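Have a look at the structure below before the remarks.
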Amino acid sequence: MPMHAQELNYISQFTEKSRKLIVKDETDVIVCGGGPAGIAAAITAARSGASVRLFEVNGCLGGVWTAGLLTWIFGFDKSGLSREILHRLDERNARRGTDKDNFVYEPEEMKLLLEEMCVESGVEFLLKTQVVAAYKSENRLTTIVTESKSGREAWRAKVFIDATGDGDLAALSGCKFDVGRPEDGAVQPLTMNALAVVRDVARLRKYICFYGGDQKWREEPNRNFVAEIRRAGIEPSYNVSKIFHVRDNVILMMCNHEYDVVPWDTEAMTKATVHGRREVFNIARGLHRLGGAWDGIQVIATAEQIGIREGRRVHGLYTVTEHDLIQGSRFEDGVTTVSFNTDVHQLKKDRGNTGYNRISVRPYHIPLRALIAKDVEGLMMAGRCLSGDFVAHSSYRITGAAVGTGEGAGVTAAVAAMSNRLPHEVSWKESKIMLEQILPVKF
């Protein structure tokens, strides 16, 4: 039998001894992944009355919002947690722009805010903790194992939510999934984001997206910025590089693409992270050498987690498709509405055309069924690992949609757990009644 390609690099095999693990806790709902979807799922489930455990691999909550230094939120003008987060950012003066749907925020304030919201809601969360194994009784997920500085620990719950972004829990549980473009598995590129400080941000206004909150000022500054990078003698890997104004003289540089990397290939992820950081510094130093408005620009922080656009798309009871986007599909079990157009980034280096036209979508629903795993009972998905095709994913992967799917998964998981049912046995009508009681936010 031919050896699997990945096994060709193995020198030999080592058998690890089996051992008994203490079950640290049994709870109603476990959420794996503390990014935008996971935060929404955990908070919503806890506010619904369920006991909730949340595990996050990074050293802060927020995922791409914080560890990834995204700084730019769009598709966010919704009631519920989105509106609450927006309002609480405004209370801290931590948001730039006047549009409630698209704005720039301060990532450090976001870290603190999400921690406070989880504590207030009664969510028990652990940082620097990764799910590494999953176990079922018959076909129902019952137990997960995590690893951290505390070692390997087992945890049980009635319902689990995969909000890892990459579908890690679903894969460990035995779910089938799709990855990348159907014909060849090509995935959208990664991006290393970085915060930088400049001497006078006003002098860079022609290069900054949404300067002063102007939502129409987007395309031209991108072109201007790329032209400046090229004037410095550098060809950026991301040909639509961007700058956002975070606060005062602090900006966010989004000027990197890393191609052909799936997020569960640690060696490739390491190389992409190192290469991405080097490119960001190279661009900043090249701009500094130009002088003028760029004189003194300096990188002050690069992302802890390189930004990931695409991982596993876990098979659910329904698959959101390109057709749903074009038709503006509505469902009785629609948990959130998405109106963001498709956005397939360049898939291969040195190829400007992705092969996919940008589709102007009609507002469509993500149905609850797309958040319920098809192959394993007691497991739900929230965020970009939910069930959808390649094109649809390029629309609903935005963090505004992630929060909406997190709310839907969180409340349904809570209702199911507290009534000793499985998620597919709970109607969205029942979940929605609960959601309206616990998220009455109308700022």
(request) Show the residue pairs that are 6+ apart or on different chains and have beta-carbon atoms under 6 Å apart, the first residue being within region 270-293 and free of Cβ contacts under 8 Å to residues at least 12 places away in the same chain, the second being outside any helix (DSSP H, G or I). (result) H288/I297
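Please pick out the residue among R277, R230 that is under 30 Å from G185 (Cα atoms) and of a type in the set (K, R).
From the options R277, R230, the qualifying one is R277.
Within region 33-53, restricting attention to residues that are of a type in the set (A, V, I, L, M, F, W, C) and more than 16 Å from the chain's Cα centre (by Cα), which residue is surrounded by the most Cβ atoms within 10 Å (Cβ to Cβ)?
Going through region 33-53, the residues of a type in the set (A, V, I, L, M, F, W, C) turn out to be 37, 39-43, 45-46, 50, 52.
Narrowing the set further to residues that are more than 16 Å from the chain's Cα centre (by Cα) leaves 43, 45-46, 50, 52.
Numbers: I43: 29, A45: 36, A46: 26, A50: 25, V52: 30.
Among those that are of a type in the set (A, V, I, L, M, F, W, C) and more than 16 Å from the chain's Cα centre (by Cα), it is A45.
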(request) Collect the residues in region 52-72 that are touching a residue at least 60 places away in the same chain (Cβ under 8 Å) and of a type in the set (G, A, S), keeping them in residue-number order. (result) G59, G63, A67, G68
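Tally up the residues in region 6-64 that are basic (K, R) and farther than 21 Å from A134 by Cα, please.
1
Against the condition at positive phi and either within 19 Å of the chain's Cα centre (by Cα) or part of a loop (DSSP other than H, G, I, E, B) (or both), how does N58 come out, does it pass?
no
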(request) From L169, L195, L190, grab the single residue that is surrounded by 15 or more Cβ atoms within 10 Å (Cβ to Cβ) and either at positive phi or touching a helix residue (DSSP H, G or I) at 6+ places or on another chain (Cβ under 6 Å) (or both). (result) L190
(request) For E138, work out the one condition from (1) modelled with pLDDT under 95; (2) over 23 Å from the mean Cα position of the chain (by Cα) it doesn't fulfil. (result) (1)
(message) Take the conditions surrounded by fewer than 16 Cβ atoms within 10 Å (Cβ to Cβ) and aliphatic (A, V, I, L, M) and apply them to I433. Does it pass?
(response) yes
(message) Can you pull out every residue in region 392-441 that is farther than 29 Å from Q327 by Cα and not hydrophobic (A, V, I, L, M, F, W, C)?
(response) S419, N420, R421, Q437, P440
(request) Go through region 151-177 and give me each residue that's of a type in the set (K, R) and in a loop (DSSP other than H, G, I, E, B). (result) K176
(request) Please note which strands (runs of 3 or more DSSP E) are completely contained in region 220-336 and include at least 2 residues that are buried (at least 20 other Cβ atoms within 10 Å of the Cβ) and of a type outside the set (F, W, Y). (result) 242-247, 250-254, 312-314
(request) Determine which single condition Y211 fails, assuming it passes every other condition in (1) surrounded by fewer than 20 Cβ atoms within 10 Å (Cβ to Cβ); (2) without any contact (Cβ under 8 Å) to a residue 40 or more places away in the chain. (result) (1)
(message) Being crowded, with 24+ Cβ neighbours inside 10 Å, under 15 Å from T336 (Cα atoms) and in contact (Cβ under 8 Å) with a residue 12 or more places away in the chain is the requirement here; does G408 meet it?
(response) yes
(request) Search region 144-173 for residues that are assigned by TED's automatic domain parsing to the domain that holds L54 and free of Cβ contacts under 8 Å to residues at least 40 places away in the same chain and pair each with any residue that is of a type in the set (S, T, N, Q) and not in a strand (DSSP E or B) when their beta-carbon atoms are under 6 Å apart and the residues are at least 6 apart or on different chains. (result) S148/T129
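Is it the case that E84 is closer than 19 Å to A401 by Cβ, of a type in the set (D, E) and part of a helix (DSSP H, G or I)?
Values: closer than 19 Å to A401 by Cβ: yes; of a type in the set (D, E): yes; part of a helix (DSSP H, G or I): yes.
So E84 fits the description; yes.
Suppose we filter M418, M380 for residues that are of a type outside the set (G, A, S) and crowded, with 24+ Cβ neighbours inside 10 Å; which single one remains?
M380
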(request) Could you check, for region 277-296, whether at least one of its residues is within 22 Å of the chain's Cα centre (by Cα) and closer than 30 Å to G388 by Cβ? (result) no
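The values are calculated or read from the model by the stated rules, or taken from the named source; none is laboratory data. Computed from a predicted structure; not experimentally measured. Please note: Cβ atoms are built from the backbone with ideal geometry, for glycine as well, and neighbour counts cover all protein chains shown.
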